[in-house]
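K.L.:
Here it is, the structure in full.
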Amino acid sequence: MSVYIFRRMLLLVPVLIGVAIIVFGMVRMLPGDPARAMAGLHATPDYVEHVRSEMGLDEPLPVFHFLGYGDSSLDLQFSVWAALENWLTVRTEVRLAIKNAFDEAGIEIPFPHRSLYA
């Protein structure tokens, strides 16, 4: 029974990543412009562009890359775009947010180790 639970928990991570990618893609494909909705019906094009910039909608989409297989892992890269002056802060905050989400969901990240036999 514990092997079954472990396998299901192990499969949970790629499923959650896949669902997040699908939902994100579906939201991006929906018709309409969130900046225009936030600015209001009678907003000028300059104000809509300002709202789009404030919301970060003029930035490129996040990118997911499958890097390969590691020791008991699938190596993924998640890249987001940030201004050069605050990229380190963004990188740290994204990693902490992912770790906190894993902690709240009860997902533990195993520490890789090797057993050496003489």
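K.L.:
With under 20 Å from the mean Cα position of the chain (by Cα) and touching a residue at least 60 places away in the same chain (Cβ under 8 Å) as the only criterion, which of L96, L74 stands out? Give the steps one after another, and end with the answer.
P.N.:
Working: L96 fails: touching a residue at least 60 places away in the same chain (Cβ under 8 Å).
The match here is L74.
K.L.:
Hey, another quick one. Any chance you could count how many residues in the range 21-42 are closer than 30 Å to Q77 by Cβ, in contact with a helix residue (DSSP H, G or I) (Cβ under 9 Å, 6 or more places away or on another chain) and part of a loop (DSSP other than H, G, I, E, B)?
P.N.:
Selection size over the range 21-42: 1.
K.L.:
Now, a different point. Does R52 qualify as being touching an Asp or Glu at 6+ places or on another chain (Cβ under 7 Å) and among the basic types (K, R)?
P.N.:
In short, yes.
K.L.:
Please count how many residues of the range 62-101 are out of contact with any Asp or Glu (no Cβ under 9 Å at 6 or more places or on another chain), in a loop (DSSP other than H, G, I, E, B) and surrounded by 11 or more Cβ atoms within 10 Å (Cβ to Cβ).
P.N.:
Adding up the residues that qualify gives 1.
K.L.:
Same structure, new question: Taking the range 43-61 as the search range and keeping residues that are outside any helix (DSSP H, G or I) and at pLDDT 85 or above, which one is least open to solvent (accessible area, probe 1.4 Å)? Reasoning before the result, please.
P.N.:
Of the range 43-61, the ones outside any helix (DSSP H, G or I) are 43-44, 56-61.
Next, from what is left, pick out any that are at pLDDT 85 or above: 43-44.
Working: A43: 23, T44: 77 Å².
Taking the candidates together, the pick is A43.
K.L.:
Right, next: Checking M1 against (1) exposed (fewer than 10 other Cβ atoms within 10 Å of the Cβ); (2) at pLDDT 85 or above, which single condition isn't satisfied?
P.N.:
Checking M1 against (1) exposed (fewer than 10 other Cβ atoms within 10 Å of the Cβ); (2) at pLDDT 85 or above, the one that fails is (2).
K.L.:
Let me ask you something else. Kindly check whether there is at least one residue in the range 99-109 that is more than 17 Å from the chain's Cα centre (by Cα) and modelled with pLDDT of 85 or more.
P.N.:
Yes.
The values are calculated or read from the model by the stated rules, or taken from the named source; none is laboratory data. Owing to the predicted nature of the structure, the values given are computational and were not obtained by experimental measurement. Cβ sites come from the backbone with ideal geometry, for glycine too, and all protein chains shown count toward neighbours. Just the protein is used for accessible areas: all its heavy atoms, side chains included, with ligands, DNA and RNA removed. Shrake-Rupley method; radii C 1.70, N 1.55, O 1.52, S 1.80 Å.
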